[in-house]
Ligand SMILES: [Zn+2]
Ligand SMILES: [Zn+2]
């Protein structure tokens, strides 16, 4: 019996060539939402690929500005883009490559500027970052909301791609060595100095390795979208000098701190203009009298310089305070920081300020606890704000 042959207009239809791949499902790809963290060398290549295959929704986050040195390995940037935000320009160029793609972006830092609610709304998160702090932050967020993420790393001619699916083998933190923790810990010697500020000079990267590693990251993303088997808790190591690549399985750590899950997450209609007092009222509704709030990061409550007898109530999230803001105006020395992450009705000072005022991100998920009972409230009212940042609808 003869099979029906579907004749397609392969020149007019954008995705026609993909339709010859038996397992390829353009509808699934179109319905996917991908978060790309970092729009540097790797991020550029990842975004280019995602645009070409017709991913439906892409969200880009990056805090950097374009410099001329980016032009040797960033296919999306042009000479005239110097000084502009990477996230904004990258999103513009993705839209030029493929107008079918909805792109949104945030000029900000993944560690401090996006709430778990954003991660929750994504299908896959692709990490294109160059430091451990950002990777750890992505990893913890993905585990909390049960989303797969794909980490990429490049170093001259070598690279690595690791897929981490919560509950399936090791996570990124499981792979960290004592040395990694030491480097991560360096930032805590002064909590107000960001790790990225401590690292001068970046890892040298080439456009060729970026293309190879980003290609693998997007290929694994495609497989995840199609629910194909993807090796989780494993890394593909690529050695560009010797042409060798191999898969390593990372050992899962039993007491790994990243394995915490947030369940159940309850969407509430309020946004981040809600005060802590109002949130405590809602917390009571869910978990009864005496429920308290817990933040997943430290709030700098008070600054103090003992020598100068200087004191200041700050109520700002750690990552949102610069060294200058955290220093004593009289002697210029860094102040002693009084930090808190649990908020109860006793904490009068903070009750009438809003979540946004403390520097917590939009779509933030706050932990509510009462004894053994726990639930997680997402400030879902921020959704419209977050998803219309670039005015593209
Ligand atoms: Zn782990
Ligand atoms: Zn002082």
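Bear in mind that the values in this text are calculations on the coordinates, not laboratory data. Keep in mind that what you see is a predicted model, and the values were worked out from it rather than measured. Positions of Cβ are backbone-derived with ideal geometry, glycine not excepted, and every protein chain shown enters the neighbour counts.
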Debye log10 I(q)/I(0) at q = 0.09, 0.13, 0.19, 0.23 Å⁻¹ for segment 265-386, Cα point scatterers: -0.28, -0.55, -0.98, -1.27
Using alpha carbons only, how many degrees (0 to 90, rounded to 10) separate the axis of helix 276-287 from the longest principal axis of the chain? 70 degrees
Förster radius 51 Å - calculated FRET efficiency between residue 372 and residue 12 (Cβ-Cβ, nearest 0.05): 0.25
First measure r as the distance between the Cβ atoms of residue 186 and residue 229, then evaluate 1/(1 + (r/R0)^6) with R0 = 45 Å and state the FRET efficiency to the nearest 0.05. 0.70
So how many Å³ per residue does the convex hull of the Cα atoms of segment 19-79 work out to? 90 Å³
Residue with peak Gaussian network fluctuation, the chain [Cα springs, cutoff 10 Å], from 232, 258, 327: 327
How far apart, in nm, are two points set 7 Å out from the Cα along the Cα-to-Cβ line at residue 146 and at residue 219? 3.0 nm
If R0 is 35 Å, what FRET efficiency do you get for residue 246 and residue 30 from their C-beta distance, rounded to 0.05? 0.55
The chain: radius of gyration and largest Cα-Cα distance (Dmax), Å: 22.7, 92
I want to verify a result. In a Gaussian network model of the chain, Cα cutoff 10 Å, which of these has the top mean-square fluctuation: 14, 33, 345? 14
Compare the peptides 37-50, 17-30, 305-318, 56-69 by average per-residue count of other Cβ atoms within 10 angstrom and give them in order, highest first. 37-50, 56-69, 305-318, 17-30
Over segment 1-136, relative contact order from alpha-carbon pairs under 8 Å, at least 6 apart, %: 27 percent
Note the angle between two axes, namely the Cα long axis of helix 41-53 and the longest principal axis of the Cα atoms of the chain, as a number of degrees from 0 to 90, rounded to the nearest 10. 50 degrees
Distance between modelled label sites at residue 80 and residue 273, nm, 7 Å Cα→Cβ extension: 3.8 nm
Just need the relative contact order of the chain here, percent rounded to a whole number, with Cα pairs under 8 Å and 6+ apart. 16 percent
In degrees, nearest ten, helix 86-97 long axis to first principal axis of the chain (Cα): 30 degrees
At 7 Å along the Cα-to-beta-carbon direction for both residue 72 and residue 349, put a label point, then send me their distance in nm to one decimal. 4.9 nm
Take every Cα pair under 8 Å in segment 265-386 that's 6+ residues apart, average their separations, divide by the length, and report that relative contact order as a whole percent. 41 percent
Could you work out the helix-only [θ] at 222 nm for the chain, with each DSSP H run of four or more residues adding -39,500 (n - 2.57) and the total divided by the number of residues, to the nearest 500 deg cm²/dmol? -7000 deg cm²/dmol
